[in-house]
1. Being within 16 Å of ligand 1 (Cβ to nearest atom) and over 30 Å from the mean Cα position of the chain (by Cα) is the requirement here; does P118 meet it?
2. If you go through the stretch 365-376 one residue at a time, do you hit one that is under 16 Å from P446 (Cα atoms), in contact (Cβ under 8 Å) with a residue 12 or more places away in the chain and over 31 Å from the mean Cα position of the chain (by Cα)?
3. Of the numbered conditions (1) modelled with pLDDT of 95 or more; (2) among the acidic types (D, E); (3) within 16 Å of ligand 2 (Cβ to nearest atom), E169 satisfies every one except a single condition; which is it?
4. Would you say L46 is within 14 Å of I186 (Cβ to Cβ) and either at pLDDT below 95 or within 15 Å of ligand 2 (Cβ to nearest atom) (or both)?
5. I need the full set of residues from the stretch 17-39 which are surrounded by 16 or more Cβ atoms within 10 Å (Cβ to Cβ) and away from ligand 1 (no atom under 13 Å from the Cβ), in order please.
6. Any residue at all in the stretch 240-263 that is away from ligand 2 (no atom under 16 Å from the Cβ) and among the polar types (S, T, N, Q)?
7. Would you call Y187 outside any helix (DSSP H, G or I) and under 18 Å from H95 (Cα atoms)?
8. Report, by residue number, each residue of the stretch 319-329 that is open to solvent by 20 Å² or more (accessible area, probe 1.4 Å) and either in a loop (DSSP other than H, G, I, E, B) or in contact with an Asp or Glu (Cβ under 9 Å, 6 or more places away or on another chain) (or both).
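The values are calculated or read from the model by the stated rules, or taken from the named source; none is laboratory data. Nothing here was measured: the structure is a model prediction, and the numbers come from that model. Glycine gets a Cβ as well: all are built from the backbone with ideal geometry, and neighbour counts include every protein chain shown. Side chains included, ligands, DNA and RNA excluded: accessible areas come from the protein's heavy atoms. Shrake-Rupley method; radii C 1.70, N 1.55, O 1.52, S 1.80 Å.
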Amino acid sequence: MPGTPAEWAETMPNQDLAIVILAAGKGTRLKSSLAKVLHRAGGRSLVEHIVRACEPLKAREVVVVVGHQSEQVGAVVEPLGAVTVLQQPQHGTGHAMQVAKRALGRAKFAVVLPGDAPLIRTETLKALITAHRNGDAAATILSAVLTDPSGYGRVVRKSETTVSAIVEESQLTGEQSEINEINSAIYCFTLEKLWPALAKVKPNNKHRELYLTDAIGVMSLKGETVLAQVAADSREVLGCNTRADLAEVDRVFREWKRAELMSAGVTIQLPETVLIDPEVNAGEDTVIEPGVQLLGKTKIGARCTIRTGSVLTDAALGDDVIVEPHCVVAQSRLDDRVIIGPFARLRPDNHLKADVRIGNFVELKKSTVGEGTKAMHLTYLGDAKIGTKTNIGAGTITCNYDGFHKYPTTIGNKVFVGSDSTLVAPVRIGDGAYVAAGSTITDNVPADALGIGRGRQATKPGWASKKRRELATAEKPKKKSKRAKPRKKSRRRR
Ligand code: UD1
Ligand code: MG
């Protein structure tokens with residue numbers, strides 16, 4: 001329930017409005033085991049985009065008609081405040097609307113949308129509702145003019161403003177196939193006019209379905225006002241019936257998102273190669289190089305550089321961070337001026353504090369790295385807590401797993417871990433300590449101590465040349481014994 005008067009003012013006008021999203025179909029043309037509306041484009045499932053676009057309309061009810069994979073569709077839309085009604089089996093878009101009837105309560109108007117046209121924007125829906133109310137219409141269709149209208153139902157006009165019918169592609173007469181104004185399947189209906197019209201619709205098509213589009217013709221014939229409003233941006237009505245449609249819709253979403261970031265002051269090089277999810281944001285003067293993917297809830301500060309081929313998922317970057325080429329970052333926090341890569345992999349739950357430097361072929365998991373610490377080459381740090389200004393040498397490995405449990409490694413401030421060390425967890429290295437290169441550390445190393453865990457080197461002068469001589473002379477008897485063997489055998493045979 002709205003609280004303040006301002007909220008009431010925003011909400012009240014649409015208390016007579018319900019939203020119906022038709023999302024029960026299978027999507028046969030996608031050739032998929034996944035219901036059509038659960039397919040993703042622009043970083044979200046199709047149906048989620050539509051519910052989100054409807055949210056600001058503050059309708060009394062958002063009803064989603066579900067059928068195929070109804071539980072999975074419900075799991076997407078119910079957390080967003082929608083209610084679901086089950087259409088089983090699916091006898092067409094008109095039938096879907098009849099199934100939704102009971103859930104619409106005392107709504108006077110309904111905005112009906114297909115679950116497969118996810119590019120629709122709230123502003124366009126608001127304009128549709130306004131046109132419908134102002135025109136005192138029985139139905140207002142959102143239409144679009146397309147250069148290639150194939151696959152869509154066509155709008156047959158009665159006059160400049162009114163419509164006589166929608167004709168599905170399979171039923172077009174020769175003359176009608178010239179029409180390039182299409183039905184988006186997004187409408188506003190006055191419900192008391194819709195129900196009697198829908199009751200008259202017959203399944204007169206090869207699929208034996210009840211088409212909601214046929215109710216338009218019935219209303220028009222009865223002399224009701226049916227309007228069509230042409231969408232300002234025809235891309236908004238693109239439906240996803242095929243994989244090619246999905247790719248096209250995804251392309252448009254990505255283009256819009258990049259444009260949003262660019263207008264907020266982000267440089268994107270070769271923008272068409274960069275994929276950005278809807279909830280990502282980035283600060284001014286950040287530069288995103290070609291082939292980057294910014295996914296999930298990734299947040300990037302100002303003046304960062306994300307270099308080519310890097311994939312960031314749910315990452316939180318401060319300001320002036322540099323992600324060198326080909327890094328993979330998941331659910332990790334990188335504070336100001338951190339530099340990672342090239343070829344670094346940050347698995348979930350890392351926190352790299354300011355000025356940390358992570359180099360090539362370094363993998364981190366669930367690790368905290370203190371300010372100014374460096375791990376530049378070929379290292380695995382898992383379940384580690386590392387202090388400030390520590391140096392982790394090339395090839396350092398935290399052995400955090402014994403096959404059953406994970407154990408922590410704690411490394412203090414200003415520690416120097418020599419190259420190729422294995423730190424067998426649980427283990428602690430105190431502040432200012434050294435670990436000798438090539439050590440296997442199984443016991444704690446106290447502050448300012450040296451931990452060394454390796455065999456002592458022995459040097460034997462002249463050993464190599466002596467060995468070579470031995471090997472060279474050993475060659476000859478070997479050859480003789482080879483010849484001797486068959487003779488022995490032949491003696492035995494005799
Ligand atoms: C529909 C329109 C067409 C329009 C096009 C725009 C009809 C008959 N045709 O065609 O005029 O140009 O959308 O994209 O409406 N659905 C149900 N229950 C059903 C059948 C469908 O919920 O029994 C849902 C589907 O899940 C889908 C939506 O309704 O989300 C539209 O169905 P779809 O099969 O995609 O219709 P189109 O052939 O695209
Ligand atoms: Mg469709």
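1. Working: within 16 Å of ligand 1 (Cβ to nearest atom): yes; over 30 Å from the mean Cα position of the chain (by Cα): no.
Taking the combined requirement at face value, the residue does not satisfy it.
2. Filtering the stretch 365-376 down to residues under 16 Å from P446 (Cα atoms) leaves none.
Checked against the condition, which is being under 16 Å from P446 (Cα atoms), in contact (Cβ under 8 Å) with a residue 12 or more places away in the chain and over 31 Å from the mean Cα position of the chain (by Cα), the stretch 365-376 yields no hits at all.
3. For E169, the failing item is (1).
4. Values: within 14 Å of I186 (Cβ to Cβ): yes; either at pLDDT below 95 or within 15 Å of ligand 2 (Cβ to nearest atom) (or both): yes.
It is true that L46 is within 14 Å of I186 (Cβ to Cβ) and either at pLDDT below 95 or within 15 Å of ligand 2 (Cβ to nearest atom) (or both).
5. L17, A18, I19
6. yes
7. Values: outside any helix (DSSP H, G or I): yes; under 18 Å from H95 (Cα atoms): yes.
Judged against the criteria, Y187 is a match.
8. Step one: filter the stretch 319-329 for residues open to solvent by 20 Å² or more (accessible area, probe 1.4 Å), giving 319-320, 322, 324-326, 328.
Of everything in the stretch 319-329, those that are open to solvent by 20 Å² or more (accessible area, probe 1.4 Å) and either in a loop (DSSP other than H, G, I, E, B) or in contact with an Asp or Glu (Cβ under 9 Å, 6 or more places away or on another chain) (or both) turn out to be D319, D320, E324, P325, H326.
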